[in-house]
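The values are calculated or read from the model by the stated rules, or taken from the named source; none is laboratory data. Remember, predicted model here, so these are calculated numbers, not experimental data. Cβ: placed from backbone, ideal geometry, glycine included. Neighbour counts: every protein chain shown. Ligands, DNA and RNA are stripped out before the accessible areas are found, and what is left, the full protein with its side chains, is counted by its heavy atoms. Shrake-Rupley method; radii C 1.70, N 1.55, O 1.52, S 1.80 Å.
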Amino acid sequence: MNDPSRLTATVAARLIRDGKLHPIELTEACLARITEREPLVRAFAHFDADYARKAAVSTRPGPLHGLPIGIKDVLDTADMPSQYGSPIWAGWQPKADAAAVAWAKAAGGVFYGKTVTTEFATRQPGPTANPRGLGHTPGGSSSGSAAGVADCFFPLAYGTQTAGSVIRPAAYCGVVGYKPSFGLINRNGMKIMSDSLDTVGVMARSVADCAFFASAVSGRDLGDPDCATGAAPRVGLCRSPSWEHATPETQTLFAGIAAVLRRAGASVSERELPAPIGALTTAHPIIMNHESARALGWELANARAEISEGLRERLDFGLSRSEEQVTTAYAAFAEAQAAFPGATGGLDILVTPSAPGQAPAGLEWTGDPAFNLIWTSLHVPCVTVPAGEGPDGLPLGIQIVGRLGEDRAVLSWAQWVAAAIG
């Protein structure tokens with residue numbers, strides 16, 4: 001067998017189930033990869049190789065039996081520190097696992113440590129580099145999870161998304177990211193920042209892996225995207241109200257995607273979003289920052305100086321919004337969510353950019369969530385799949401979006417799109 005660390009989760013799970021691969025063999029391969037690359041990539045906020053080996057030996061049978069999983073450090077863990085990317089919580093040790101962690105353990109998953117997140121999954125970046133170009137950001141806020149999946153530290157990882165924190169880093173690192181319908185994966189035990197937006201999602205190296213992982217931890221049957229029906233989707237090409245942020249490489253990618261999908265058999269048409277959905281570009285930052293400021297009430301009262309200047313500015317912005325502004329923003333959310341099903345009438349999916357372009361240079365900024373915040377606000381499922389390369393050879397992604405609750409179909413169509421792109 002070639003290097004087991006490079007196996008997709010579904011292939012590794014089948015080999016383990018058939019007795020052709022032992023969990024400790026997979027774990028050792030991933031640990032060797034981490035030893036080689038972690039000093040450069042810095043995906044981990046906390047790492048414990050001995051814990052991983054013990055977990056691989058004692059892992060319980062289940063759909064995720066023996067599979068290594070990265071845990072974003074906004075999800076609580078009972079046997080590892082949970083520090084939320086903030087010095088305020090350095091060394092903090094919860095007494096219980098977050099629900100998502102507990103269900104992954106119950107399904108047989110193996111954990112090595114906690115992956116780097118930006119400060120409270122918001123703005124201030126951690127030290128993680130993009131494994132496809134170490135001088136570039138991996139995106140955020142799920143920085144370590146995306147980088148770790150891309151560099152074969154683990155085949156599966158948790159991310160969370162409030163604006164674009166699953167889809168954008170997955171696209172920047174050239175992996176698959178899946179932000180489910182709001183609430184599909186339980187958030188209990190997560191460091192919540194925005195109660196209206198925060199969504200637990202997953203990353204992997206194939207669409208089938210994402211469906212497999214999310215099914216195992218949510219109790220929902222999301223199907224096997226690799227089992228295609230042979231049908232082709234009705235696709236709406238959606239530049240979205242954020243199109244002005246698209247870089248030349250994304251404009252070029254998007255200009256060619258219609259022909260690619262048509263050649264594969266899809267029915268493709270242009271689709272613009274109605275004004276109520278466009279209003280989310282203004283409403284989202286009001287709701288996100290208002291709710292985040294209320295969520296960090298203890299930190300603001302007791303450790304304000306340890307919050308980064310950039311985040312303090314956004315929290316102050318949220319607190320300074322008038323009651324009328326906040327009420328209007330919530331009303332915009334409700335109106336847009338009600339309008340979305342009609343905006344997608346006659347279509348199976350929308351296809352839209354995953355990010356403005358390739359990963360920006362430098363580690364001081366994790367990139368612009370302009371192409372993600374609308375879908376997060378709508379609570380709808382979306383999947384990013386690799387779709388090409390930018391001018392520096394860094395990955396580009398295409399995002400597949402569907403209606404609320406239609407996760408199984410969206411994952412299936414995402415695999416169809418990925419296969420069409422090749």
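Points worth noting:
- Residues of the range 197-215 that are out of contact with any His (no Cβ under 9 Å at 6 or more places or on another chain), outside any helix (DSSP H, G or I), in contact (Cβ under 8 Å) with a residue 60 or more places away in the chain and not charged (D, E, K, R): VAL200, MET203, ALA204, SER206.
- Extreme residue, farthest from CYS210 (Cα to Cα), among residues of the range 387-415 that are open to solvent by 40 Å² or more (accessible area, probe 1.4 Å) and touching a helix residue (DSSP H, G or I) at 6+ places or on another chain (Cβ under 9 Å): PRO391
- Test: residue in the range 318-333 that is buried (at least 24 other Cβ atoms within 10 Å of the Cβ) and polar (S, T, N, Q): no
- Flag for PRO131 being within 14 Å of PHE154 (Cα to Cα) and open to solvent by less than 40 Å² (accessible area, probe 1.4 Å): yes
- Meets criteria (open to solvent by less than 50 Å² (accessible area, probe 1.4 Å), touching a His at 6+ places or on another chain (Cβ under 9 Å) and modelled with pLDDT of 95 or more) for SER377: yes
- Among the residues of the range 231-252, those identified as outside any loop (DSSP other than H, G, I, E, B), closer than 21 Å to ARG168 by Cα and open to solvent by less than 30 Å² (accessible area, probe 1.4 Å) are GLY236, LEU237, THR250.
- Among the residues of the range 366-384, the one identified as under 14 Å from the mean Cα position of the chain (by Cα), in a loop (DSSP other than H, G, I, E, B) and of a type in the set (A, V, I, L, M) is VAL380.
- Residue count for the range 272-307 under the criterion of being among the polar types (S, T, N, Q) and either touching a Leu at 6+ places or on another chain (Cβ under 8 Å) or open to solvent by less than 20 Å² (accessible area, probe 1.4 Å) (or both): the result is 3.
- Residue match in the range 58-74 (condition: in contact with a helix residue (DSSP H, G or I) (Cβ under 9 Å, 6 or more places away or on another chain) and under 18 Å from GLU364 (Cβ atoms)): no
- Cβ-Cβ under 6 Å pairs, at least 6 apart or on other chains, the range 334-356 side over 18 Å from GLN161 (Cβ atoms), far side open to solvent by less than 10 Å² (accessible area, probe 1.4 Å) and assigned to a loop (DSSP other than H, G, I, E, B): ASP348/PRO233; ILE349/PRO233; ILE349/GLY402
- Selection of the range 317-350 for residues being of a type in the set (Ser, Thr, Tyr) and under 26 Å from the mean Cα position of the chain (by Cα) yields TYR330, THR344.
- Of all residues in the range 255-271 being in a helix (DSSP H, G or I) and in contact with a helix residue (DSSP H, G or I) (Cβ under 9 Å, 6 or more places away or on another chain), the one that is most open to solvent (accessible area, probe 1.4 Å): ARG263
- Pairs meeting the criteria (first residue in the range 22-41 and farther than 20 Å from SER145 by Cβ, second residue β-branched (Val, Ile, Thr), beta carbons under 7 Å, at least 6 apart or on different chains) are PRO23/ILE16; PRO23/THR59; PRO23/VAL110; ILE24/VAL57.
- Count - residues of the range 1-12 that are open to solvent by less than 50 Å² (accessible area, probe 1.4 Å) and out of contact with any Pro (no Cβ under 7 Å at 6 or more places or on another chain): 4
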